[in-house]
């Protein structure tokens, strides 16, 4: 009995010493739906990719909420949100700036996945003074494979937008299941779970943003970025064998696409596919923790 009381008292003492995490709050800033978690420590803005929502950051947010102030962003048309006409990657940069300024967010690290990475990079080319760094997870300043195309990619973007946008809900669901199984993650059961989450997004919104990504080439503006940029390159050897790329070659390819960024680090994580945070959670956490520590300690 005495030992039980002592243990209970010790547990209570530990709970009082542990940092309290305030309940999440949600609000809208421009076209962005934002969920704030935690209210102590360096700020991190997390932007998911195409047809994704905060569920992409489930483990990351749970781990960081006690030591960081997190802002999890959902774009219009994604994860059950209604689409909003006229929203562009350009206008979303303005919404991110409004979020930082209206909420007095001090030098956040912007962490993006896929489309979220591209948006983060675009923001950094114009507003490096507002942030501490960028973490780009399998997202690039130009869509891979289109880097040698002419600057005007409007035909490709419009054709892709039309093809994707013409899908029925059933066709969209089937596509997401195929994509997640073949390119999204390594575990087939996880792939199906992520596919069910991604099909909550609006088909037309996914098609529109997909077209916008294909039309974009940020490489001429990369020299404007003055903060550190970490690019995470997931690698799964069988997926790249047909392209003749080993892990080092893929890392160098990504490094070339970021040419112009003054403070660039490219880290490969393998074996992993596009949603690397689900395939290699421990390796991913270690890379993220190291990057956040360096970026937030170095901020002015």
Handout entry: Distance in nm between pseudo-label sites at residue 193 and residue 270 (7 Å out along the Cβ direction from Cα)
Key = 2.6 nm
Completion exercise
Taking Cα atoms, the helix 203-215 axis meets the longest principal axis of the chain at an angle in degrees (rounded to 10) of 70 degrees
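What 222 nm value per residue comes from the helices of the chain, counting each DSSP H run with n ≥ 4 as -39,500 (n - 2.57) and dividing by all residues, nearest 500 deg cm²/dmol?
The helix contribution divided over the chain gives -13500 deg cm²/dmol.
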Problem - Cβ crowding within 10 Å averaged over residues, with 158-169, 185-196 ranked highest first - result: 185-196, 158-169
Fill in the blank from the handout: Nearest 10, in degrees from 0 to 90: the angle of helix 115-127 to the longest Cα principal axis of the chain is 90 degrees
Handout entry: Burial order of peptide ranges 38-49, 237-248 (average beta-carbon count within 10 Å, highest first)
Key = 38-49, 237-248
Exercise for the section: Please give the helix 188-198 orientation as an angle from the longest Cα principal axis of the chain, in degrees from 0 to 90, rounded to the nearest 10. Expected result: 80 degrees
Problem - Residue order, fewest to most beta carbons within 10 Å, for 113, 127, 104 - result: 104, 127, 113
Problem - For the chain, average projected area of the Cα convex hull in nm² - result: 17.8 nm²
Exercise for the section: Would you mind telling me the antiparallel percentage of the DSSP bridges in the chain, rounded to 5? Expected result: 30 percent
Problem - Fraction of beta bridges assigned by DSSP in segment 37-123 that are antiparallel (%, nearest 5) - result: 10 percent
Practice task
Assign one of three labels to segment 180-289, namely rounded, prolate or oblate, based on the Cα gyration tensor with a ≥ b ≥ c the square roots of its eigenvalues; rounded applies when a/c is under 1.5, prolate when it is not and a/b is larger than b/c, and oblate otherwise.
Solution key: oblate
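Computed from the coordinates by the stated procedures, all read-outs in this text should not be read as laboratory data. Just so it is clear, the structure is predicted and the values come from calculations on it, not from any experiment. We place every Cβ from the backbone using ideal geometry, glycine too, and count neighbours over all the protein chains shown.
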